[in-house]
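Participant: Sending over a structure as structure tokens; questions will come in a sec.
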Amino acid sequence: MALIFCLFMANKTSAQWGREGGGAGRNTIGTITLVDSIRSLGTVDSLGEITLIDSLRKVQLLDSLSQDLQLQLATPTGVDIYCNSKGDFVATVNNGAKTITLSSINAALGTVTANMVRRVVLIKVTTNVVSVIPLTTLAVAANVITLADAPANFATGDVAIVWLQGPDQALNKTTNSIINSNLNPAWSRYTTVASLVATQTLTGAFADVGAEIDVQGYKNLYVYLNLDINAATNVQLKALFKHTSAGAGEFTPDHSGFTCPNTTAPATQNYIEFDADADQLVVVTIPLENAVPYVQLQMLETDGGTDAIVVVDIVKGY
């Protein structure tokens, strides 16, 4: 949707234009008038900052404003430009004053000072005028920018676009090195506790304990086992590895690599047995090395009268 802008430059010679700030290195820009075609955007009375800013971006605030911003916002290595139009902070124009309050400021900026303010553009929606506010007399205190050189007090509905200069978020100036942030560190890659079986009574033959467990992308499976031994003895646990969900192939790994207190793997290493015939709360750690898609747990007991009962929860970790 096109916007129509009119620059009132009638009767100006090229020399006059250069003297008034149109040439290279200028410090100010003349007022840009936005005609009623902006109302074709719809609901102009409730037109928000982002909608208006996005519309102005489409025409780059005219070529003259775009070029001036490129000049003024040219920054050296290690310095970055922050702007409320891209969500780095919120800039609220204060009605009846020449001040703008900053909030929700990007933590990388720290304390905002006057020398960090690079450009302020004011959009007066009620009069359809966009102008650059001079920064000759500027003060910042407690995140409030005071613009004494603004031509008039701001009014309700005015929108400000503010550019601030701050540190490059990807550069550590102290060590002169590029900052790399791991957004998914290994220590954070684990799941919340999930119940595998609320209660299950063991029998004298290996039987599935819960459904197969999807462990794709994890290095370890932690089995939280609550064993009520009752009159049973020789409780055993095994884990079968599967490369296909619901597949018939169940592969027996070397259980000697499993860790759990007071357990022993036999010479065949195809299960672990609990050394003590007693009630216990233990964690069995099953190494997966990010190479096992699915695991099926099984358990058995030697019947001694009243069967053992287990409650099993799991956590997947990296």
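Rule-based calculations on the coordinates, nothing more; no lab input. The structure displayed is predicted, hence computed values, not measured ones. Counting neighbours? That spans all protein chains shown, and the Cβs are built from the backbone with ideal geometry, glycine included.
Participant: Taking 51 Å as R0, compute the FRET efficiency from the Cβ-Cβ separation of residue 92 and residue 189 and round it to 0.05.
Facilitator: Efficiency, from the Cβ-Cβ distance: 0.80.
Participant: Find which of 160, 198, 259 sits farthest along the positive direction of the dipole of region 102-260, computed with +1 on the beta-carbon of Lys and Arg, -1 on that of Asp and Glu, about the Cα centre.
Facilitator: The Cα lying farthest towards the positive end belongs to 160.
Participant: Give, rounded to the nearest 20 debye, the magnitude of the charge dipole that region 96-231 has about its Cα centre when Lys and Arg contribute +1 at Cβ and Asp and Glu contribute -1 at Cβ.
Facilitator: For region 96-231, the charge dipole is close to 760 debye.
Participant: Applying the Karplus parametrisation 6.51 cos²θ - 1.76 cosθ + 1.60 with θ = phi - 60° to the phi angles of region 275-286, what ³J(HN,Hα) value in whole Hz is obtained for each residue in order, glycine and proline being reported as x?
Facilitator: With coefficients 6.51, -1.76 and 1.60, one gets 5, 9, 8, 8, 4, 7, 10, 9, 10, 9, 9, 10 Hz.
Participant: Around residue 272, under 15 Å between beta carbons, what's the net of Lys plus Arg minus Asp minus Glu among the other residues?
Facilitator: -4
Participant: At what distance in nm do the modelled label points of residue 303 and residue 148 sit from each other, each positioned 7 Å from its Cα along Cα→Cβ?
Facilitator: 9.6
Participant: Also, I was wondering about something else. How big is the charge dipole of region 187-317 about its Cα centre, in debye rounded to the nearest 20, if each Lys and Arg gets +1 on its Cβ and each Asp and Glu gets -1 on its Cβ?
Facilitator: Approximately 560 debye in magnitude.
Participant: Can you give me the long-range amide H partners of residue 168? Hydrogens built in the peptide plane at 1.01 Å from N, cutoff under 5 Å, separation of 5 or more residues or another chain.
Facilitator: Residues meeting the amide H criterion: 79, 80.
Participant: Fully extended, how many nm does the chain gain between residue 115 and residue 181 (0.36 nm per residue separation, minus their Cα-Cα distance)?
Facilitator: Length difference between fully extended and current span is 20.9 nm.
Participant: So, one more: Could you tell me the calculated FRET efficiency between residue 262 and residue 201, based on Cβ-Cβ distance and R0 = 25 angstrom, to the nearest 0.05?
Facilitator: In this case the efficiency is close to 0.70.
Participant: Starting from the Cα of residue 169, step 7 Å along the direction of its Cβ; do the same at residue 127; then give the gap between the two resulting points in nm.
Facilitator: 3.5
Participant: Ok, one more. Using alpha carbon centroids, what distance separates region 122-179 and region 182-201, in Å?
Facilitator: 46
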